[in-house]
Amino acid sequence: MLTEINIGNLSLRNNIFLAPMAGVTDLPFRVLTRNFGSSLCFTEMVSANGLVRRTYKSYEYLKSSPDDRPLGVQIFGSDPDILCEAAGIVTEMGADLVDINAGCPVKKVLKTGAGAALMRNPTKFAAIVKNVRKATHLPLTVKIRSGWGHDELNAIEIAGIAEGCGADALILHPRTVKQGFSGVADWNLIEMVKERAGIPIIGSGDIRRPEDALAMMEETGCDGVMVGRGALGNPWIFRGITTLLSDGTVSPSTPSLVERESVIRLHLEAYISLYGEKMGVKSFRKHLLWYTKGLKEGSKFRKAAVAVNEVGELHEMLHKYLQSLAGGISHAERLYSGVTIPI
């Protein structure tokens with residue numbers, strides 16, 4: 001079930017994608033997951049208002065590189081005209097695909113009428129998709145949720161509107177807005193949307209292991225899978241999914257400590273390269289939390305690591321911690337590098 005997939009005029013080498021996640025899917029993380037098998041990555045959501053007003057932070061989210069392709073840019077907002085203009089800006093700046101966020105459940109986004117709030121206003125939603133479709137020649141996707149609550153499930157209706165207004169694919173995270181990220185994603189809804197759709201349907205939600213991706217595709221018939229929180233501290237999940245779906249081989253659920261250290265170091269160095277040492281080390285702390293979650297004495301390591309501000313010291317602390325778990329790592333093993341992260 002690992003297969004090439006076309007979204008509009010964009011041909012992708014496989015149907016496994018990295019989801020847009022605020023504060024996570026920046027350039028270093030996107031390139032890292034591509035090395036493990038993700039064929040399409042998305043920026044974290046970018047404010048359409050910010051793009052139109054030329055705010056620095058909004059444009060920072062668009063930083064990319066030749067190794068970061070193809071790139072989907074997710075925009076959010078509530079004004080059809082502003083979203084139209086933002087789509088034009090994103091297109092001019094070299095994106096490969098535009099995605100409309102109609103699924104964010106965060107309150108500060110909902111209060112502005114953006115994100116999943118658009119699902120409560122089908123007329124405005126339709127106007128937005130139509131406007132953005134006219135503004136760009138790039139493939140257009142829309143990411144939605146199940147609906148506002150279990151008594152207000154309208155994903156099937158919204159999916160139909162998106163397709164009718166020109167979307168080339170739909171991404172469905174089958175949780176309601178009220179659920180947030182709690183509870184269980186209702187994969188049955190993905191199947192129901194897929195049965196009625198004439199465009200690719202990408203399923204998202206509760207993909208924590210390669211086996212989950214296989215199960216979602218088998219149970220729903222979706223055309224592809226998007227991985228979100230399951231990739232936090234675990235870019236290896238993409239290698240596991242692509243291997244399982246291509247030849248049925250189940251990869252080890254966790255990497256060796258040697259590979260874990262190698263990848264963390266490469267990821268950190270990419271952060272330093274992009275953000276500078278001070279900001280890079282500070283921003284990377286959340287990734288250290290995820291990379292060491294579930295490891296023995298992990299909480300003690302993280303408590304000590306958050307006080308470190310110098311990259312060399314952090315590298316040394318990380319090595320000593322992982323060496324203690326392994327009972328000693330040889331010099332030759334320390335030189336192993338499973339992937340590279342060109343920035």
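Suppose every K and R has +1 on its Cβ and every D and E has -1 on its Cβ; what is the size of the dipole of the stretch 241-301 about the Cα centre, in Debye to the nearest 20? Present the calculation step by step, with values, prior to reporting the outcome.
On the way: 9 positive and 6 negative charges, 85 e Å.
Roughly 400 debye for the stretch 241-301.
Using only helices, what value at 222 nm comes out for the chain when you add -39,500 (n - 2.57) per DSSP H run of length 4 or more and divide by the total residues, to the nearest 500 deg cm²/dmol? Roughly -13500 deg cm²/dmol at 222 nm, from the helical runs in the chain. Modelled label positions at HIS137 and SER251, each set 7 Å beyond Cα in the direction of Cβ, lie 3.7 nm from each other.
For the chain, what is the percent of antiparallel DSSP beta bridges, rounded to the nearest 5?
10
Here's the picture: a label point sits 7 Å out from the Cα of LYS293 along the beta-carbon direction, and within the stretch 177-196 the residues with their amide nitrogen under 20 Å of it are 179-186. Based on alpha-carbon atoms, the Kirkwood radius and the radius of gyration of the stretch 257-334 give Rg/Rh equal to 0.94. Fully extending the segment from ASP81 to ASP67 would add 1.8 nm, taking 0.36 nm per residue of separation and subtracting the current Cα-Cα distance.
Multiplying each eigenvalue of the alpha-carbon gyration tensor of the stretch 87-151 by 5 and taking the square root yields semi-axes of 23, 12, 10 Å, largest first, rounded to whole angstroms.
For the listed peptides 260-267, 141-148, a ranking on the average number of other beta carbons within 10 Å per residue, highest first, reads 141-148, 260-267.
Computed about its Cα centre, the charge dipole of the stretch 7-137 is approximately 360 debye, with only Lys, Arg, Asp and Glu carrying charge at their Cβ.
Give me the number: length gained by fully extending VAL184 to GLU157, i.e. 0.36 nm times residue separation minus the C-alpha to C-alpha distance, one decimal in nm.
Full-extension gain reported as 7.6 nm.
Along its three principal directions, the equivalent ellipsoid of the chain from the Cα gyration tensor extends over semi-axes of 35, 23, 18 Å, largest first. Given C-alpha coordinates of the stretch 110-210, what is the ratio Rg to Rh with the Kirkwood estimate of Rh? Checking Rg against Rh, the ratio lands at 0.96.
Read-outs throughout are calculated quantities, based only on the coordinates presented, and are distinct from any laboratory measurement. Source: prediction; values computed, not measured. Using ideal geometry, Cβ is built from the backbone for each residue, glycine included, and neighbour counts are taken over all protein chains shown.
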